[in-house]
Amino acid sequence: MRNVAILGATGSIGASALDVIARHPDRFRASVLAAHRKVDELVALCLRFKPDLAVIADAALETSLRDKLAAAGLATRAAAGARALNDAVSGELCDSVVAAIVGAAGLESTLAAARAGKRLLLANKESVVMAGPLLLDAVRAGGGELIPVDSEHNAIFQCLPGGRPILAQAGVRRILLTASGGPFRGRKRADLAAVTPDQACAHPKWSMGRKISVDSATLMNKGLEVIEAHWLFGAAPAQIEVVVHPQSLVHSLVEYADGSVLAQLGNPDMRTALAHAFAWPERIDAGVAPLDLVKSGALQFEAPDRDTFRCLDLAYRALTAGGTAPTVLNAANEVAVGAFLEGNLPFLAIAELIEATLDAISAEPVADVEHLVHVDLTARQTAQRKMRQGFC
């Protein structure tokens, strides 16, 4: 029996993870559930899954969480704040951790789980983008396992021998990350000047949170995945290629030196990657419908439109610069996307604000987590100032 902590339990990935767990009560138990501010939703999940511990990130909501758990007659303990979350993933309540907190907020708990030697099911791509080498060092020091559950990186993991080998020794030539193209595939810059947050969040294939949906619409999500692939698989930037595949059935591919190309296919459902990571190296039912290739019809592949969707090249720029540049990229993107969702920034200005922030802050070697936290804060403040100044 694996005891699982789910960080981001009230989000879309958390819901998919809990669905897989519910299908295999003899193998998995949700022992820790964590959420940001949704107390009522967290209590409802506790009623169903009976975890040992429920953690709410906002410390001001701890009393509310505790009272509602007690009123529901649950023995589940309540805790709140970053330290409680770190203690939960580091302690004996769990041996596996689904890291699905959105954004830089998930960094500390992801590192804590890695240091503690847990099986880390990584959905928080920002942790790798900001602190790739620190996270890999933590995994090595803790002696645990890191299995990506982003559909693209999980696909690569499945197509590589042994999961995450040294690519040169495995004879790998290229990694090809597939992108759906998002809701605005085929449109040009002139078509995107007045798009709304709801339009940007209307993904044609995946059901996701609003922040990651906007990232998909700008192709920044794919840019972050390029940086993630660099650290997870030791691939040089030139070895990582993005190809648009609107059907979202081929989740990524690995090309080998002999000309072979291995691809992982499946219906667009996060439960496939989560079930794979939960049970690896075994295979279990994920509740996902079988892929019918005849009904699926033709599979299309095309190059991304980098002129219209500039965030992809900005991510490659940050990866090439190295050091703290990806942290600056991620922080500026979070500020820009937040402003867009609040109606304070046009869609096309997201890339412009990120670029202005990268221009303003020079890349430095990464010293430690405290250094990254400082750079992250500096980048956010810079992006906010640039936005007020009109990017001057």
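The values are calculated or read from the model by the stated rules, or taken from the named source; none is laboratory data. Remember, it's a predicted structure, so these values are computed and weren't measured experimentally. With ideal geometry, Cβ positions are generated from the backbone for all residues, glycine too; neighbour counts draw on all protein chains shown.
Couple of notes before you dig in:
- Subset tally (residues that are of a type in the set (S, T, N, Q) and either assigned to a helix (DSSP H, G or I) or within 10 Å of the chain's Cα centre (by Cα) (or both)) for region 95-114: 2
- Search result, residues across region 115-144 that are acidic (Asp, Glu) and under 17 Å from the mean Cα position of the chain (by Cα): GLU126
- Filtered by the rule that a residue be within 16 Å of ARG174 (Cβ to Cβ) and either touching a residue at least 40 places away in the same chain (Cβ under 8 Å) or in contact with a strand residue (DSSP E or B) (Cβ under 8 Å, 6 or more places away or on another chain) (or both), region 229-243 gives ALA229, HIS230, LEU232, PHE233, GLY234, ALA235, PRO237, GLN239, ILE240, GLU241, VAL242, VAL243.
- Within region 24-40, the set of residues being outside any loop (DSSP other than H, G, I, E, B) and exposed (fewer than 15 other Cβ atoms within 10 Å of the Cβ) comprises ASP40 only.
- Residues of region 236-265 classified as closer than 30 Å to ARG140 by Cβ, among the hydrophobic types (A, V, I, L, M, F, W, C) and crowded, with 20+ Cβ neighbours inside 10 Å, total: 4
Yes/no matrix, rows are residues, columns are (1) without any contact (Cβ under 8 Å) to a residue 60 or more places away in the chain; (2) within 23 Å of the chain's Cα centre (by Cα); (3) assigned to a loop (DSSP other than H, G, I, E, B); (4) assigned by TED's automatic domain parsing to the domain that holds LYS222:
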position: VAL335; (1), (2), (3), (4): yes, yes, no, no
position: ALA339; (1), (2), (3), (4): yes, yes, no, no
position: PHE347; (1), (2), (3), (4): no, yes, yes, no
position: SER362; (1), (2), (3), (4): yes, no, yes, no
position: VAL366; (1), (2), (3), (4): no, yes, yes, no
position: ARG380; (1), (2), (3), (4): yes, yes, no, no
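- Some residue of region 78-94 being closer than 20 Å to PHE157 by Cβ, of a type outside the set (A, V, I, L, M, F, W, C) and either surrounded by 18 or more Cβ atoms within 10 Å (Cβ to Cβ) or touching a residue at least 12 places away in the same chain (Cβ under 8 Å) (or both): no
- Residue within region 205-216 that is surrounded by fewer than 22 Cβ atoms within 10 Å (Cβ to Cβ), more than 19 Å from ALA123 (Cβ to Cβ), at pLDDT below 95 and charged (D, E, K, R) present: no
- Of all the listed residues (ARG173, ARG140), the sole one being outside the structural domain of TYR256 (by TED's automatic domain parsing), on the phi < 0 side of the Ramachandran plot and charged (D, E, K, R) is ARG140.
- Meets criteria (among the aliphatic types (A, V, I, L, M), buried (at least 23 other Cβ atoms within 10 Å of the Cβ) and within 20 Å of VAL250 (Cα to Cα)) for ALA123: yes
- Selected residue (only one of GLY162, GLY186, GLY117 is assigned by TED's automatic domain parsing to the domain that holds ILE6, surrounded by fewer than 19 Cβ atoms within 10 Å (Cβ to Cβ) and in a loop (DSSP other than H, G, I, E, B)): GLY117
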